[in-house]
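Enquirer: I'd like to ask you about the structure that follows.
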Amino acid sequence: MRVDVVTIFPEMVRGAAAWSILGRAQERGIIQLNAVDLREFTDDRHRTTDDAPFGGGAGMVMKPEPIFRAVEHLLAEGGPARVVLTSPRGRLYNQSWAEELAQEPHLIILCGRYEGVDDRVCRSLVTDELSIGDYVLTGGELAALVVLDSVVRLLPGALGDEESAVHESFSSGLLEHPHYTRPAEYRGMCVPEVLVTGDHEAVHRWRRKESLRTTWLRRPELLTRAPLTPKDRELLEELRREILDA
């Protein structure tokens with residue numbers, strides 16, 4: 001997979017992406033990551049990437065010319081791509097979108113900044129506008145890194161255990177169950193007994209039930225969209241009885 005991140009702060013992207021799973025994925029050739037300096041596509045001696053908005057108002061707007069040149073260059077070099085703009089007005093990013101982007105052979109991420117990007121870029125070049133949450137960041141670099149991390153971990157070979165990505169929160173539409181490791185008792189707090197019995201069927205049932213419990217208590221709206229099985233609904237009924245009896 002090839003990912004081009006277009007930004008005025010390429011070192012910010014390169015530095016963060018050099019570590020952990022992103023760094024290893026690059027070393028293994030799973031992903032070709034290019035932090036592209038937008039200023040390289042300007043045509044004035046000040047390497048200007050922004051200008052005042054038409055109609056007046058506070059702040060600056062990212063100019064269309066450098067972005068068009070950068071994207072057209074990357075498309076010519078790397079072939080067709082999904083072009084994503086990080087923007088507060090974009091669709092809210094989630095796990096299913098990460099899974100969708102992980103299928104793309106070429107991804108271009110445009111890092112928004114200032115008051116926004118000239119809308120001709122959005123209309124002509126961008127295939128998707130995404131937001132990682134209902135808040136405003138100084139620039140899109142952090143959002144781009146969030147997208148990168150969530151997508152790359154889904155690529156074959158990126159994780160040490162391929163099953164890890166399958167069982168993580170949101171992959172099944174639910175939050176993940178609690179986790180424990182050694183020691184079995186710490187400061188009077190014990191690991192749930194079922195986890196040390198060696199009964200794999202009982203462990204699987206406990207984990208699914210706790211996943212449902214955690215989702216119900218913390219993100220109940222997810223239950224309305226999750227693909228629940230008849231067994232899941234039985235476990236939810238058990239949870240309701242437990243909570244009512246508590």
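The values are calculated or read from the model by the stated rules, or taken from the named source; none is laboratory data. Bear in mind that the values here come from a model prediction, so they are computed numbers and not experimental data. No Cβ is skipped: glycine too gets one built from the backbone with ideal geometry, and neighbour counts run over all protein chains shown.
Enquirer: Inside segment 232-246, can you point out the residues that are touching a residue at least 12 places away in the same chain (Cβ under 8 Å) and either of a type in the set (Lys, Arg) or under 18 Å from residue 202 (Cβ atoms) (or both)?
Expert: 232, 235, 238, 239
Enquirer: Can you list residue pairs whose Cβ atoms sit under 8 Å apart, with the first residue in segment 192-216 being in contact (Cβ under 8 Å) with a residue 12 or more places away in the chain and the second being surrounded by 12 or more Cβ atoms within 10 Å (Cβ to Cβ) and of a type in the set (Ser, Thr, Tyr)? Count only pairs 6 or more apart in sequence or on different chains.
Expert: 192/180; 195/180; 211/172
Enquirer: Another question, then. Restrict the check to segment 77-95 and report whether at least one residue is among the basic types (Lys, Arg), closer than 20 Å to residue 157 by Cα and under 23 Å from the mean Cα position of the chain (by Cα).
Expert: Within segment 77-95, none of the residues are among the basic types (Lys, Arg), closer than 20 Å to residue 157 by Cα and under 23 Å from the mean Cα position of the chain (by Cα).
Enquirer: Could you check segment 200-234 and list, in sequence order, the residues that are over 22 Å from residue 95 (Cβ atoms) and touching a helix residue (DSSP H, G or I) at 6+ places or on another chain (Cβ under 9 Å)?
Expert: Correct list: 202, 203, 205, 206, 231.
Enquirer: Restrict the check to segment 134-148 and report whether at least one residue is in contact with a helix residue (DSSP H, G or I) (Cβ under 7 Å, 6 or more places away or on another chain) and of a type in the set (S, T, N, Q).
Expert: no
Enquirer: Further question on the same structure: Among the residues of segment 77-99, write down those that are farther than 17 Å from residue 5 by Cα and of a type in the set (Asp, Glu).
Expert: Listed by number, the list holds a single entry, 99.
Enquirer: If residue 138 satisfies all but one of (1) under 17 Å from residue 10 (Cβ atoms); (2) surrounded by fewer than 21 Cβ atoms within 10 Å (Cβ to Cβ); (3) at pLDDT 95 or above, what's the number of the condition it fails?
Expert: (3) is the only condition that residue 138 fails.
Enquirer: Can residue 214 be described as of a type in the set (Ser, Thr, Tyr) and within 30 Å of the chain's Cα centre (by Cα)?
Expert: Yes: the conditions hold for residue 214.
Enquirer: If we scan segment 176-188, do we find a residue that is hydrophobic (A, V, I, L, M, F, W, C) and touching a residue at least 24 places away in the same chain (Cβ under 8 Å)?
Expert: No, the conditions are met nowhere in segment 176-188.
Enquirer: Another question, then. Residues 155, 174: which one is farther than 30 Å from residue 60 by Cα and modelled with pLDDT of 95 or more?
Expert: One residue alone meets the criteria, 155.
Enquirer: Residue by residue through segment 129-156, note down the ones that are without any contact (Cβ under 8 Å) to a residue 40 or more places away in the chain and outside any loop (DSSP other than H, G, I, E, B).
Expert: Of everything in segment 129-156, just one residue is without any contact (Cβ under 8 Å) to a residue 40 or more places away in the chain and outside any loop (DSSP other than H, G, I, E, B), namely 142.
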